[in-house]
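Working notes for the structure below.
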Amino acid sequence: MVCFQLAASQGAGRAGLPPSQPVCVLGPRCSEWLRCCGGGEPRPRTVWLGHPEKRDQRYPRNVINNQKYNFFTFLPGVLFNQFKYFFNLYFLLLACSQFVPEMRLGALYTYWVPLGFVLAVTIIREAVEEIRCYTRDKEVNAQVYSRLTARGTVKVKSSSIQVGDLIIVEKRAPPLLSTGSCFLRTDQLDGETDWKLRLPVACTQRLPTAADLLQIRSYVYAEEPNIDIHNFVGTFTREDSDPPISESLSIENALWAGTVTASGTCPRRGIELRSVMNTSNPRSKIGLFDLEVNCLTKILFGALVVVSLVMVALQHFAGRWYLQILRFLLLFSNIIPISLRVNLDMGKIVYSWVIRRDSKIPGTVVRSSTIPEQLGRISYLLTDKTGTLTQNEMVFKRLHLGTVAYGLDSMDEVQSHIFSIYTQQPQDPPAQKGSAPTTKVRRTMSSRVHEAVKAIALCHNVTPVYESNGVTDQAEAEKHSLGSAHPLPPLLCPQVALVQWTESVGLTLVGRDQSSVQLRTPGDQILNFTILQLFPFTYESKRMGIIVRDESTGEITFYMKGADVVMAGIVQYNDWLEEECGNMAREGLRVLVVAKKSLAEEQYQDFEARYVQAKLSVHDRSLKVATVIESLEMEMELLCLTGVEDQLQADVRPTLETLRNAGIKVWMLTGDKLETATCTAKNAHLVTRNQDIHIFRLVTNRGEAHLELNAFRRKHDCALVISGDSLEVCLKYYEYEFMELACQCPAVVCCRCRGPVSRLSVLADLPVWSVRPAGDGGNDVSMIQESDCGVGVEGKEGKQASLAADFSITQFRHLGRLLMVHGRNSYKRSAALSQFVIHRSLCISAMQAVFSSVFYFASVPLYQGFLIIGYSTIYTMFPVFSLVLDKDVKSEVAMLYPELYKDLLKGRPLSYKTFLIWVLISIYQGSTIMYGALLLFESEFVHIVAISFTSLILTELLMVALTIQSWHWLMTVAELLSLACYIASLVFLHEFIDVYFIATLSFLWKVSVITLVSCLPLYVLKYLRRRFSPPSYSKLTS
């Protein structure tokens, strides 16, 4: 979108746009516009203002669609996604096989009801998510906007907006400047929450009303759609003027989708919007725990095939042995529990609910409920610094002039210098005495301080906003209380801190618009400056500049400030810049270098002509503009250094110490310079006091990287500090060697690591299944999405990282409890739940194997109908699922002893060893119950069913009680409820169980003996293990 016109709106009383006085921009106000149809490759386009019928190509619709399915593809799509997994397909084939008479083993519902329950849960969950997506999409697509037409203003839905439409959009925003400028925010694109100034097309400012835009013959040439939200190349041309007017359009004239306030013609829509092109589809994350469970189920499937083959082999492959194999595969299908996936998925929902309800980490949001167990398996934590470890609130700390430095305790001296300058000659203010570059007279200290403070007060893009007694107009509000003003933040927060500091020392920014700046002196005199050019800060240039004209003297001055790495080559030679920048960085301060250059009138006119010509270029515009600006950036006078501090968040130090004691290695990624990053790492206790730090020397080629890696290899147990450039070189030539050494370090600091690509390169090479990034800005989103488990911190850089993360927290300190308590509990609970569900299925399968072997390897089911369904549902489901409430230690103990978390990193709660132990337990108990029932039954076969099934139910309930570490009242309710359900259902199970037999004393003592024999040895073993080889957590609870 490109700004066109704003009628003068002096005294506008609201932070928005009155319909009678619109701001015109090029494009609609939209949100995230996602997948929709469009034709062909994106091409440059010519858009005629207010005439969408003149479009030269077909464009996609301006709608969003976040749904995975539509009405016709929902059911087929959900079923396909379920049955593309082997085990769901396996159970489907089992159920379908029951339609073949030769393979039927029992009632159809025995197989179809469990499968139908699993599918119903999945379909309902998907349907709820799709309905929510549809509702959100419909709400956004139905938003009403005002479109300028020849008949006046017409209301249209956002889905009806076409390329070329003139759209008026009203949305609450900071007050607009009377010169036609407006502000926007791109926090949902790049994480920046600061307001950015956008400028209108100058030649449309003279039009009386917005409707006159439809009367002129004008068009916009726009580049092809691309993902770059920090640049825009286009031109505006008016053909009906004499001569035709052509004006360049850049990022300063552009307003992307998802921003605040605009009206204009729409050059792009739908999937061509840059907000959409910057939106990647996050991958579906599967935790290591789920893969381990899948591996165990594959082992169970192998066991199923082996047992079936053994049964047929013991029959000497007689008759139609291939049918017997299939019947045995059906008969022993319980070896693979169909309820395992449902139990684990429901457990994940419980874990997510518990995390959200934790009052000690308020505001925590679980956006991905599929990987809570992964919180208990984190080995590496990649964290951003600004806004994640720090508060992202800048405080001015230091002003350095080369020969003298002023800190917080000496700011009154700076204030006295400014006061003396403006009170010595009140009729002849310093602005009128500006010194030319040729002046050789040594300036006084007051003059040097004044020049530095004035440069800081002018070189920025902060706009003061006044709200006094309902008056929002700048000129009127200045007559009221100064205390009602507050700065509107520009691109970087440090600029606000600098402007607020200049106000504290006496030079106050009282007004600013597109073309002028006003400063107030200690004597209440207003200094007026005209803004001739403004060069905004970019991450590529690492500096910003402004050219102003003093209205009282006509003197033109070029001010610039930026990072020391770029300013060192721009300012005049000096012998203190590098040393003092390093000293301030070692104190943890962010350093900016401030410089100026006086320009003659002829010199500026020549520059302006070349600058305007470069801005009109369509091809290589950025390069040409940068070349022209660089022609001024030579031999500038160094004025001062400024240092601002970004303070650490509360409890960052104890949180990092907790993570370190838990065996988690923390990597900090920051864009700060090496000294600042090292100081922050020490202050945050990322690096312990007695720990050595190895600073990786800057390398540019393979040979230097090889030598530095050899030097690093000789260091042991030291933290690593490396720059982003050196990191890229090492990963390019010695990826494996570098990562092997870096992963052994207790902590790693990557400085000058600004872009998402640099952070992704670090993430891509860390050991898989062990990484958890934490960030708060738009540049952290790609790192969070590509990680195994990402957490976003809701900071001052916006909510984009938080929205893209799997888990969202409000403060970094909450990360400790999220991992130590919830991550640990989720992993241990799921491990116990999965193994117990497998035990439950193996136990009944072992009984079936014993039963078949006793009766000459016949493929006859032991339990049929409701018994087989009820066993894994109403009889044992609630006690088994209650394991999701179990915990071995209290949350306070888990936080106090983070070493308990370290035990989980080896995966011991769910391993081949524990799996084998549960398999042996299942075989023992299943065999004991079955052989006991066969030995103790007297006459009828139905007595075997009654004795064995009752013993099986009681054994499972007792095993749950044996597994529980800490009882919850719901666990007791689940145990008693399940037992009551079984006893009550015996009345209705006369088809399978002899009701009169179960009421006899013979039945009771036989069941008691069998249950005792199956469970008592395990209770004894558990007691002996706790007595002679207790686990680590039991020592803390005893």
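The values are calculated or read from the model by the stated rules, or taken from the named source; none is laboratory data. Values in this document were obtained by computation on a predicted structure and should not be read as measured data. A quick note on method: Cβ atoms are made from the backbone with ideal geometry, for glycine too, and the neighbour counts reach across all protein chains shown. Protein only, heavy atoms only, side chains kept; ligands, DNA and RNA dropped before computing areas. Shrake-Rupley method; radii C 1.70, N 1.55, O 1.52, S 1.80 Å.
Of note, A142 satisfies the criterion of being within 36 Å of the chain's Cα centre (by Cα) and hydrophobic (A, V, I, L, M, F, W, C). All of R840, R817 fail the test of being in contact (Cβ under 8 Å) with a residue 40 or more places away in the chain, open to solvent by 10 Å² or more (accessible area, probe 1.4 Å), of a type outside the set (D, E) and part of a helix (DSSP H, G or I), apart from R817. In the range 865-877, the residues that are more than 20 Å from A974 (Cβ to Cβ) reach residues that are at pLDDT 80 or above and hydrophobic (A, V, I, L, M, F, W, C) with C-beta atoms within less than 7 angstrom, at least six apart or across chains, in these pairs: L867/F949.
Report yes if G588 is open to solvent by less than 50 Å² (accessible area, probe 1.4 Å) and modelled with pLDDT under 90, otherwise no. Yes, satisfied. Considering only residues in the range 554-612 that are of a type in the set (S, T, Y) and not in a strand (DSSP E or B), the one that is nearest to the chain's Cα centre (by Cα) turns out to be Y611.
Of all residues in the range 357-383, those that are under 18 Å from the mean Cα position of the chain (by Cα), open to solvent by 10 Å² or more (accessible area, probe 1.4 Å) and closer than 23 Å to P746 by Cα total 1. For the range 350-373, a residue qualifies if it is without any contact (Cβ under 8 Å) to a residue 12 or more places away in the chain and of a type in the set (F, W, Y), and exactly one does: W353.
Scanning the range 101-123 for residues that are surrounded by 14 or more Cβ atoms within 10 Å (Cβ to Cβ) and under 19 Å from K348 (Cβ atoms) yields F117, V118, L119, V121, T122, I123.
Conditions (1) of a type in the set (G, A, S); (2) at negative phi; (3) over 30 Å from the mean Cα position of the chain (by Cα), marked per residue:
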{"site": "S826", "(1), (2), (3)": "yes, yes, no"}
{"site": "H839", "(1), (2), (3)": "no, yes, yes"}
{"site": "I844", "(1), (2), (3)": "no, yes, yes"}
{"site": "M847", "(1), (2), (3)": "no, yes, yes"}
{"site": "V854", "(1), (2), (3)": "no, yes, yes"}
{"site": "F857", "(1), (2), (3)": "no, no, yes"}
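Scanning the range 660-679 for residues that are in contact with a Gly (Cβ under 7 Å, 6 or more places away or on another chain) and surrounded by 24 or more Cβ atoms within 10 Å (Cβ to Cβ) gives a single hit, T676.
Let's see how each residue does on (1) open to solvent by 30 Å² or more (accessible area, probe 1.4 Å); (2) touching a strand residue (DSSP E or B) at 6+ places or on another chain (Cβ under 6 Å):
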position: R125; (1), (2): yes, no
position: E129; (1), (2): yes, no
position: C133; (1), (2): no, no
position: R136; (1), (2): yes, no
position: S146; (1), (2): no, yes
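Could you please let me know if A705 is free of Cβ contacts under 8 Å to residues at least 60 places away in the same chain and open to solvent by less than 10 Å² (accessible area, probe 1.4 Å)? Yes. Among the numbered conditions (1) open to solvent by less than 20 Å² (accessible area, probe 1.4 Å); (2) touching a Ser or Thr at 6+ places or on another chain (Cβ under 9 Å), the only one that L970 does not meet is (1).
The sole residue among E580, E540, E503, E555 that is touching a Gly at 6+ places or on another chain (Cβ under 8 Å) and open to solvent by 40 Å² or more (accessible area, probe 1.4 Å) is E555. Considering the range 64-85, the residues that are part of a helix (DSSP H, G or I) and among the hydrophobic types (A, V, I, L, M, F, W, C) include one that is surrounded by the most Cβ atoms within 10 Å (Cβ to Cβ), namely V78.
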